[in-house]
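Heads up: the structure comes next, in structure tokens.
The values are calculated or read from the model by the stated rules, or taken from the named source; none is laboratory data. What you see is a predicted model, and the numbers here were worked out from it, not measured in a lab. Please note: Cβ atoms are built from the backbone with ideal geometry, for glycine as well, and neighbour counts cover all protein chains shown. Surface areas here come from the heavy atoms of the whole protein model, side chains and all, with no ligands, DNA or RNA. Shrake-Rupley method; radii C 1.70, N 1.55, O 1.52, S 1.80 Å.
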Amino acid sequence: MKYEINSTTYYRVSSLRTPNNITEIKDYALYGLWHLTSITIIKIPKSITSIGEYAISGCTKLATVEYPSTAETTDEHIFDGSEPMTTIKIVGSGATQTYTDNKQPWNTVMTLIQNVEFDSTITSVGNYAFKGASSLTKITWGGVKSIGDYAFTNCTGFTSLSFLKYACPSYKGVSPLNFIIAISYIGCIVIFIS
């Protein structure tokens, strides 16, 4: 079956959800589609395991992205020019991907991110995941129990972080109290709630 959308419809699109049965978003899949500039939410299904270069670039009103924890990419320009992208929701289960410095899929919009939410089934945040997210002020930890190296380095927008004591993420297996020291480089107060 072929689906067609006429050009007047494009201006009314405010969210985009890819079908649940696809596993890959190819290079430049939405790049340069100027008619998608009104999209504010993109929900990438958990079935996606690979996202290509500049795949979702140029969505100039994009505010929220649901991103699968298992999606692999080596391109830091996936969301290039997609602003103001303030919220990233990591969906799926288990551990998120581990990145190298400046190679996160959202790297080109990193300083715009204000809110990160992890599903209750996400257990670990990978290395460098949100390094440099200087506007980040809120994290919803979900099921996170461990945090990789430099995952939140230079996230200077925080004034405090709160964790339920029993669900406090650990850093390289350290206890919750030592966790205060492990994240002190972000320059904020850590509060444990019993």
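How many nm separate the modelled label positions at LYS138 and THR153, each set 7 Å beyond the Cα in the direction of the Cβ?
Going from the LYS138 label point to the THR153 one covers 2.8 nm.
Just to be sure I follow the rule: in region 43-134, considering lysines 8 or more places apart or on different chains, how many pairs have Cα atoms under 22 Å apart?
9
If I model region 48-163 as equal point scatterers sitting on the Cα atoms and use the Debye formula, what is log10 I(q)/I(0) at q = 0.13, 0.22 Å⁻¹?
Result of the Debye calculation: -0.42, -1.36.
With a sphere of radius 15 Å drawn around the Cβ of TYR99, what net charge do the other residues whose Cβ falls strictly inside it have (Lys, Arg +1; Asp, Glu -1)? Please list the in-between numbers first.
Values: positive: LYS103, LYS131; negative: GLU72, ASP75, GLU76, ASP101, ASP149.
My count for the surroundings of TYR99 gives -3.
So what are the ³J(HN,Hα) numbers for region 24-30, from phi and the Karplus equation (6.51, -1.76, 1.60; θ = phi - 60°), rounded to whole Hz, Gly and Pro as x?
3J(HN,Hα) across region 24-30, in whole Hz: 9, 10, 6, 3, 6, 4, 10.
Using a 1.4 Å probe on the protein heavy atoms, what percent of the accessible area of region 54-122 belongs to carbon and sulfur?
On the way: 1090 of 2480 Å².
Exposed carbon and sulfur together represent 44 percent of the surface.
Assign one of three labels to region 76-119, namely rounded, prolate or oblate, based on the Cα gyration tensor with a ≥ b ≥ c the square roots of its eigenvalues; rounded applies when a/c is under 1.5, prolate when it is not and a/b is larger than b/c, and oblate otherwise. Kindly include the intermediate steps, with their values, before the conclusion.
On the way: a/c = 2.21, a/b = 1.27, b/c = 1.74.
Oblate.
Count the net charge of all other residues whose Cβ sits under 15 Å from the Cβ of THR156, scoring Lys and Arg as +1 and Asp and Glu as -1. Present the calculation step by step, with values, prior to reporting the outcome.
Working: positive: LYS131, LYS138; negative: none.
Local net charge: +2.
Below 14 angstrom from the Cβ of LEU136, what's the summed charge of the other residues (Lys, Arg +1; Asp, Glu -1)?
+2
Tell me whether region 20-111 comes out rounded, prolate or oblate; compute the Cα gyration tensor, take square roots of the eigenvalues as a ≥ b ≥ c, and use a/c under 1.5 as the rounded threshold. Present the calculation step by step, with values, prior to reporting the outcome.
Working: a/c = 1.45, a/b = 1.29, b/c = 1.12.
Rounded, since a/c falls under 1.5.
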